[in-house]
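Worksheet for the structure shown next.
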Amino acid sequence: MRKRRPAVEFLARWLPRATFLRVYGRAKTGHWPDLRSPRRFSEHLLHRMLDPGAELAAMVRTGDKYTLRGYVAERLGEGHLSELVDVLEAGESVTRERLARWPATAVMKASHASRWMTFVDRETADPATLDRLAQAWLARTYGGVRQEPHYDLMTPRVVVEEDLRRDGAVPSDVKFFVIHGEPRIVVVDFDRFSGVRRYVADPAWRRIDVGYGFPTIDVDPPVPVTLPAMLDVARTLAAGLAFVRVDLYEVDGRVLVGEMTHFPTAGAPRFEPRSFDDELGAVWTDRRPIDPRWLRDSADAAGARSPEPVETEPT
């Protein structure tokens, strides 16, 4: 993906928005998207990127990792967020004195972007290096290249948050795809920073027989103790939105909110088999659960399916 980024940037700059989204969607999903009468899941996402309508303000607030914190507190109350250590805005710097006030380990990330983050070890970190990274983030917006409309409306900030790792291991990232207020699939990322493996399931934690972006985990993981609470949190945060992916963590028996993502894989997720794009699109249109035939344990499931993962970025 990185090798293609200059071409993507060129196309995003010079092509009309609708044309770019059609070309980008074709490159990522393998089919030409219909942006006028969306049917597939990816088409619904790209259509919303082209015209977010009245949901744009909510996308900006909940997609921003800093303003999301206030939204979560309003809807859920206290106890569902990692500790906020520090916030840097334009004109502020990471200095040695500032770094000294951070905990022994922390996470520094751009609130107005996706995947711009780094772990910080206070004892070994170089404040000048961290500041260069922070200033680079503060000087850029994220939405232009992939045409995600809400990112360009966010105020650039760098947030420093509590390190959620335990004994060096990051918690599993449990992503709920919430369509019209109801979680329909769950995508769980294990070992996100060292060879990601995924588990795709329905809200009852039954494996869905698809590949999505990374190799699938071989053994079904145990059901999280907090799964019922996670489902409630996802529903509460997603209420009023046609679609949002709510990313949660289970840490020390608590459900913590990671982020809310409105356009997974920049609006063009690619599933294997690709027909799952149609199925999830039908779930969106018909407001129904996933057809049981997609469940690995279903007697009607297509047992001959052996989905091959495709190369995408973890988002």
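None of the figures in this text is laboratory data; all of them are computed from the coordinates on show. Predicted, not measured: the structure shown is a model, and the values here were computed from it. Methodologically, a virtual Cβ is constructed for each residue, glycine included, from the backbone with ideal geometry; neighbour enumeration extends over all protein chains shown.
Over all directions, how big on average is the projection of the convex hull of the alpha-carbon atoms in the stretch 106-192, in square nanometres? Could you put the intermediate results ahead of the total?
Values: hull surface 30.3 nm².
Over all viewing directions, the stretch 106-192 projects a mean Cα-hull area of 7.6 nm².
Want the number for VAL196 to THR95: 0.36 nm per residue separation, take away the alpha-carbon distance, what's left?
Answer, rounded to one decimal: 33.0 nm.
Please give the peptides 176-185, 101-110 ranked by average Cβ packing (other Cβ atoms within 10 Å per residue), highest first, as a rough proxy for protection.
Working: 176-185: 21.5, 101-110: 18.0.
The densest-packed peptide leads the list: 176-185, 101-110.
Specify the inter-centroid distance of the stretch 30-91 and the stretch 226-277, based on alpha-carbon positions, in whole Å.
About 11 Å separates the Cα centre of the stretch 30-91 from the one of the stretch 226-277.
Return the FRET efficiency for the residue pair ARG274, ALA73: r is the Cβ-Cβ distance, R0 is 35 Å, and the value is rounded to the nearest 0.05.
Working: r = 40 Å, r/R0 = 1.14.
With a Förster radius of 35 Å, E is 0.30.
Report the percentage of all Cα-Cα pairs in the chain whose separation exceeds 26 Å, rounded to a whole percent. Display every interim value, and only then the final one.
On the way: 23602 of 49455 pairs.
Of all Cα-Cα pairs in the chain, 48 percent lie more than 26 Å apart.
Which is the longest part of the chain that has none of the GluC sites (Glu not before Pro) sitting in a DSSP loop with at most 14 other Cβ atoms within 10 Å?
Working: sites that count: GLU78, GLU83, GLU89, GLU123, GLU311.
The longest uninterrupted stretch comes out as 124-310.
Under a Cβ-only charge scheme (Lys and Arg +1, Asp and Glu -1), can you give me the dipole magnitude of the chain about the Cα centre, in debye to the nearest 20? Kindly include the intermediate steps, with their values, before the conclusion.
Details: 46 positive and 47 negative charges, 225 e Å.
Approximately 1080 debye in magnitude.
Considering the dipole of the chain built from charges on the beta carbon (Lys and Arg +1, Asp and Glu -1) around the Cα centre, which of THR265, VAL219, VAL200 is farthest to its positive end?
THR265
Considering the zone a paramagnetic label at ASP86 would reach in this model (a point 7 Å from Cα along the Cα-to-Cβ line), which residues of the stretch 143-179 have amide N under 11 Å from it?
Only 159-161 fall inside the zone, counting backbone N under 11 Å.
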